[in-house]
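For reference, the structure discussed in these notes is given below.
The values are calculated or read from the model by the stated rules, or taken from the named source; none is laboratory data. These numbers come from a predicted model, not from an experiment. Here the Cβ positions follow ideal geometry from the backbone for every residue, glycine too, while neighbour counts run over all protein chains shown. When the accessible area is computed, the model is the full protein with side chains, heavy atoms only, and any ligands, DNA or RNA have been set aside. Shrake-Rupley method; radii C 1.70, N 1.55, O 1.52, S 1.80 Å.
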Amino acid sequence: MEDKEKKKVLQTLPLIPVKDIVIFPHAEVPISLKREKSVKALEEALVKDKILFLVMQKNREIEEPTTDDLFDVGTISKIASVQRLPDGVVNITVEGLKKAKVTEHVRVDPYFEAEVDEIDELEYSAEEIDALIRPMVEQFRRCISLGKSVPLDLIPAIFDLSNPYQTLDMIILNLELKQIEKQALLEAPDLKSRAKILSEYLAREISILQTARKIQDKTSEEIGKNAKEAFLREQLRTIEKELGVKEEREEFGELETKIRESGMPKETEAKALKELDRLRKMPQFSPEVSYLRTYLDWLVDLPWSAKSESKIDVKEAEKILNEDHYGLKKVKERILEYLAVHKLTGKMKGPILCFAGPPGTGKTSVGKSIARALGRKFVKVSLGGMRDEAEIRGHRRTYVGALPGRIIQGMKDAETKNPVFMLDEIDKLGIDFRGDPSSALLEALDPEQNHSFSDHYLEVPFDLSDVMFITTANILDTVPPPLRDRMEVIEFPGYTEDEKFHIATGYLWPKQLETHGLEKNILKLSNEALRTIISGYTREAGVRNLERELATICRKVAREITESKIKSAEVNSKSLHKYLGPEKFEPWIAEKQDEVGVSTGLAWTEVGGQVLNVEATMMPGKGQLLLTGYLGDVMKESAQAALSYTRSKTADFGIKENFFKDKDIHIHVPAGAIPKDGPSAGITMATALVSLITKIPVKKEIGMTGEITLRGRVLEIGGVKEKVLAAHRAGIRKVVLPKKNKKDLEEIPAKTKKELKFTFVDNMDEVLKNALKTNPFRAIRTEKTIGIEPQRATISAA
Ligand code: ADP
């Protein structure tokens, strides 16, 4: 660029201040003149050469600006047209000619007049101009491509690069700029600086346009998506029609009929119909369809009104119970009484039956018989290990894969609203952070509440008041107390070997033969073999394992027959080994010797009556007591009492008073996997302890049970029948029992009773006299004879 001497062209021109308008050369702009001074300036120009100087005022609010309120740089403009309005306002159109700067304000009254100096552009070479203008034209082109609207007729002029100044001014004219920004452009001293400012404005414009485009794209995408969905849905409808889905939709009609015919209460029906309506309106392939369908299926499948024709005929019930079960005299009696009461009162109100007893004692099968006797359906739901309230009461439908709880599931299986409903193993109900299942269970069982049992999934109440609930438990200790309070307990104490023999011959064996498709004369089982199975292959209160062993025999024989190895078989005590392997249990007594520190207790555990060893040992220490063998709290306290008793009697046993000072005592009850609790091992533990310190062995043939007090009194205990039966099973023939339990012998079958010798005791002295090989009270011992060797000595029976 050559810096040439600028030729000054000064002119004196009428000046009109304008608000919010920057007039660029080449632009044609309409202006409305309202101010008197402005009109006067116009008149002046009109009489001369129609040339005006237009300049923007700095603040548009000022009505009567002074020269200080005006910018210096403005535009020399030519008046193109004039239109006078009746109210004195004059509209004119001006055409910008040249930029100019005020050098002097010549007058301010009656109109502004100023001496102005034209701003000449520096002269640039054609290349320089090109280099400056081209990028801007490109930017502007980009604006247009991004959607900037420009009057069509202006486009040729903008892109006509032969007149770069015009191009530039046109671009400026078509940009959305603030007036102050336009003024800055106007004031820019030369092309270069103007190009720089403009380039920034253009960049900003592009970015604004881009953002607008993005927003617009998104919006149109949304609109497009909706249109697409509507289109697809229409297509789907056509496809559905083609595939005959319409027929499926007609099923809704069937569903509606089912709802109306299901006999559900009015409110429930209204709810079901509402949900059905929702289902109808859903597009067929919506995932919710299947959830809603499942829900409605549940509703219609439940027995809202279907009932078994049930009559209580006590005589008939007695017949059926006897038909199905051997023995269980007391159980049957209690059940018949219960039924008789219900017959009189009409409704299934009152306490709920709880069958308590070890596994395999016939609880389930008695339940089934009751159902048969009453002509009702039977359902059984196991509660073992259930920790979550939702398992009983169901999950809310908002859960994926939600289902009703077990009670409602059971009712669906029952198909009638008055089944015999067995809740198995309520003693195994858990409680944790997910709510207390027992409280949900209470609601189901409580006759005051169960006419409207609420299940989370169903959301509508269900009437359980016609259901006959029976619960079962192995032991009652762990049944939640509020539940236990509402139940009438019927004990299933377990069977004697003789009873098992009868159950096997009369029920289990025929049943197994039938299950395995074997005729009575094809497979024979000798009585002797059966007795061996009972005593040598099983040791249980119930008959579950016995049934299993019998099934094993049938299975093996059935296989041999199908493989044509044999035509028939006879199982006797000799061939038993072939089918069942070696005997699993020897009589308890045979495994034992008379030992020091080991006594035999009779206990009542989850699996029924049990014979348990109590072992006591001693080691150097500080007089502490260590207890092991999965013992409950009551049993631990009972061990403490036994030890205290023993310590208080040391003198009587001829042992020094401070004998225990430097010794620790350990009591262990083997069979560690079975939880044991209760006070009834008190005398057994005391016996082991006395034997330990006196070194007098305990007689192996004696089994004992009884609670001990600190002073050595022996108190009454429970479960005598179970314990005595267990002792008998184990081959024990002498049993020591508390005197107060004498009455319980009545329950024991005469045959068993005859084979046992009972000793009833009042205090510990009697226990020791009976259980120890020699009388400990007579012996006078000294520290020397006692010794403190850590291990318990084993003395074989003399
Ligand atoms: P539980 O429910 O107490 O665990 P089950 O009712 O399942 O026991 O009984 C196990 C099996 O023993 C069943 O086949 C049942 O019929 C049979 N059973 C139990 N007690 C008797 C009995 N007194 N008379 C006939 N069969 C019995």
### Task
Kindly indicate the residue of the range 289-302 that is closer than 19 Å to Arg233 by Cβ and surrounded by 12 or more Cβ atoms within 10 Å (Cβ to Cβ) and also nearest to the chain's Cα centre (by Cα) among those meeting that condition.
Leu292
### Message
Please go through (1) in contact (Cβ under 8 Å) with a residue 24 or more places away in the chain; (2) under 21 Å from Asp498 (Cα atoms) for Asn322 and return the number of the only condition it doesn't satisfy.
### Response
(1)
### Message
Please count how many residues of the range 489-531 are within 21 Å of Ile566 (Cα to Cα) and either under 50 Å from the mean Cα position of the chain (by Cα) or surrounded by fewer than 19 Cβ atoms within 10 Å (Cβ to Cβ) (or both).
### Response
15
## Note on the structure
Within the range 399-416, of all residues that are of a type outside the set (A, V, I, L, M, F, W, C) and open to solvent by 10 Å² or more (accessible area, probe 1.4 Å), the one farthest from Glu288 (Cα to Cα) is Thr416
### Summary
Residues in the range 95-145 that are surrounded by fewer than 14 Cβ atoms within 10 Å (Cβ to Cβ) and either touching an Asp or Glu at 6+ places or on another chain (Cβ under 6 Å) or of a type in the set (Val, Ile, Thr) (or both) total 2
### Query
In the range 386-421, what residues are touching a Pro at 6+ places or on another chain (Cβ under 7 Å) and either in a helix (DSSP H, G or I) or assigned by the TED database to the domain that holds Pro287 (or both)?
Glu389, Glu391, Ile392, Met411, Ala414
### Task
Please verify whether the range 377-390 includes one or more residues that are over 24 Å from the mean Cα position of the chain (by Cα), over 23 Å from Glu722 (Cβ atoms) and within 12 Å of the ligand (Cβ to nearest atom).
yes
### Query
Has the range 533-545 got at least one residue that is surrounded by fewer than 20 Cβ atoms within 10 Å (Cβ to Cβ), in a helix (DSSP H, G or I) and within 15 Å of the ligand (Cβ to nearest atom)?
yes
### Query
Of all the residues that make up the range 481-513, how many are away from the ligand (no atom under 16 Å from the Cβ) and within 20 Å of Gly608 (Cα to Cα)?
2
## Note on the structure
Among the residues of the range 303-321, the number that are exposed (fewer than 14 other Cβ atoms within 10 Å of the Cβ) and within 16 Å of the ligand (Cβ to nearest atom) is 1
### Task
For Pro582, work out the one condition from (1) more than 26 Å from Glu549 (Cβ to Cβ); (2) open to solvent by 20 Å² or more (accessible area, probe 1.4 Å) it doesn't fulfil.
(1)
### Task
Take the residues in the range 451-483 that are at pLDDT below 85 and part of a helix (DSSP H, G or I), then tell me which one is least open to solvent (accessible area, probe 1.4 Å).
Leu483
### Task
Of all residues in the range 345-373, count the ones that are open to solvent by 80 Å² or more (accessible area, probe 1.4 Å) and modelled with pLDDT of 90 or more.
2
### Message
Test of understanding: among Lys214, Lys246, which residue is open to solvent by 50 Å² or more (accessible area, probe 1.4 Å), modelled with pLDDT under 75 and assigned to a helix (DSSP H, G or I)?
### Response
Lys246
### Query
part of a helix (DSSP H, G or I), within 17 Å of Asp466 (Cβ to Cβ) and not charged (D, E, K, R), is that true of Ile370?
yes
### Message
Out of the residues in the range 564-574 meeting the condition of being open to solvent by 100 Å² or more (accessible area, probe 1.4 Å) and touching a residue at least 40 places away in the same chain (Cβ under 8 Å), tell me which one is farthest from Thr505 (Cα to Cα).
### Response
Lys567
### Task
Can you tell me which residue within the range 345-367, out of those that are assigned to a loop (DSSP other than H, G, I, E, B) and within 9 Å of the ligand (Cβ to nearest atom), is nearest to Arg484 (Cα to Cα)?
Gly357
### Hits in the range 331-344 - residues which are open to solvent by 10 Å² or more (accessible area, probe 1.4 Å) and away from the ligand (no atom under 12 Å from the Cβ)
Glu333, Arg334, Leu336, Glu337, Tyr338, Ala340, Val341, Lys343, Leu344
### Message
Test of understanding: among Ile553, Ile561, which residue is open to solvent by less than 70 Å² (accessible area, probe 1.4 Å), in contact with a Lys or Arg (Cβ under 9 Å, 6 or more places away or on another chain) and assigned to a helix (DSSP H, G or I)?
### Response
Ile561
